[in-house]
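Student: Just dropping this structure here.
The values are calculated or read from the model by the stated rules, or taken from the named source; none is laboratory data. Please read these numbers as outputs of a predicted model, since none were measured by experiment. Here the Cβ positions follow ideal geometry from the backbone for every residue, glycine too, while neighbour counts run over all protein chains shown. Just so you know, the surface numbers come from the protein's heavy atoms only, side chains and all, with ligands and any DNA or RNA stripped out. Shrake-Rupley method; radii C 1.70, N 1.55, O 1.52, S 1.80 Å.
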Amino acid sequence: MQLGKVIILNGTSSSGKSTLAKTLRSAIGEPFCYYASDQLADAGFRADKRLAPLDERARFFDGFHRSIGAFAAAGNNLLVEHIVEEADWWSQLNEILEPFDIFWVGVHAPLPEIERRERERGNRYIGEAAFHLKTHDYCSYDIEVDTSLPQEDAISSILEAWRHRSGPTRG
């Protein structure tokens, strides 16, 4: 069985990852499963906060990271939306995904734009996006895009870099 390929869109909340993922998925020309930790959380997967152990969040993200590898090992191509919140998550993901063709996309937007989106959405903690900007301090990328620019430019740039990658980029 052929191993799956993994594209990870990493950026702060309200940076435009979800919108970018949906457009990229239809434009890439290969079958990709869309996967995000929010899908699991929104479906009620996480433990009831009143009953959860103190390390529930750490357990959840450890499992989420391992599940990316499990799905790719089963031959699924994955388009993963994520906020790599900790430097050790970056290390863990690269270790788990070492056997796969992994492609990292840094998703950016200027802070005023991110804060505007955060306020407009109404379902975010104000300031959460600024807090998550630290993710770019310890991640390195195959390509970085600015979602405040025309979306077609970001998609074109990602597709060009994806098609001209040299294969597995981490390990």
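Student: Distance in nm between label sites at residue 95 and residue 138, each 7 Å beyond Cα in the beta-carbon direction?
Tutor: For the pair residue 95/residue 138, the computed spacing is 1.3 nm.
Student: Taking just the alpha carbons, could you work out the radius of gyration and Dmax for the stretch 76-151, both in angstroms?
Tutor: Final numbers for Rg and Dmax: 13.9, 40 Å.
Student: Can you tell which of 155, 125, 138 lies farthest toward the positive end of the dipole of the stretch 114-158, using +1 and -1 charges on the Cβ of basic and acidic side chains (Lys, Arg; Asp, Glu)?
Tutor: Of the options given, the answer is 125.
Student: Aspartates and glutamates near residue 49 by alpha-carbon distance under 17 Å, same-chain residues fewer than 8 away left out - which ones?
Tutor: Qualifying aspartates and glutamates at Cα under 17 Å: 38.
Student: Something else: Hey, which aspartates and glutamates would be in cross-link range of residue 134, C-alpha to C-alpha under 14 Å, not counting anything within fewer than 8 residues on its own chain?
Tutor: Within the straight-line limit of under 14 Å, residue 134 reaches these aspartates and glutamates: 85, 86, 88.
Student: Right, something else. Is it possible to state the helix-based mean residue ellipticity at 222 nm for the chain, with each DSSP H run of 4+ residues giving -39500 (n - 2.57), the sum divided by total residues, to the nearest 500 deg cm²/dmol? What is it? Please report the intermediate quantities before stating the final value.
Tutor: Numbers: 8 runs with 78 residues, N = 171.
Rounded to the nearest 500, the figure is -13500 deg cm²/dmol.
Student: Taking 7 Å along the Cα-to-C-beta vector as the label spot, tell me the residue 27-residue 166 distance in nanometres, rounded to one decimal.
Tutor: Here the modelled spin labels are 2.6 nm apart.
Student: Just subtract the alpha-carbon distance of residue 38 and residue 119 from 0.36 nm times their residue separation and send over the number in nm, one decimal. Before the final figure, lay out each step's value.
Tutor: Working: separation 81, 0.36 × 81 = 29.16 nm, distance 1.89 nm.
Result: 27.3 nm gained on full extension.
Student: I need the P(r) histogram for the chain: all alpha carbon pairs, bin width 5 Å from 0 out to the longest distance, whole percents.
Tutor: Binned Cα distances yield the sequence 1, 8, 17, 21, 22, 16, 9, 4, 1, 0.
Student: Run the numbers for residue 59 and residue 149: contour at 0.36 nm per residue of separation, minus the present Cα-Cα distance, in nm. Spell out each step's value before the answer.
Tutor: Details: separation 90, 0.36 × 90 = 32.40 nm, distance 3.63 nm.
Extra length available between residue 59 and residue 149 comes to 28.8 nm.
Student: Now for a different question. If I compute solvent accessible area with a 1.4 Å probe over the protein chains, what percent of it on the chain is carbon and sulfur?
Tutor: Reported share for carbon and sulfur atoms: 52 percent.
Student: Shifting gears a bit: Where nothing but the Cβ of Lys and Arg (+1) and of Asp and Glu (-1) is charged, how large is the charge dipole of the chain around its Cα centre, in debye to the nearest 20?
Tutor: Numbers: 19 positive and 26 negative charges, 84 e Å.
Once rounded to the nearest 20, the dipole reads 400 debye.
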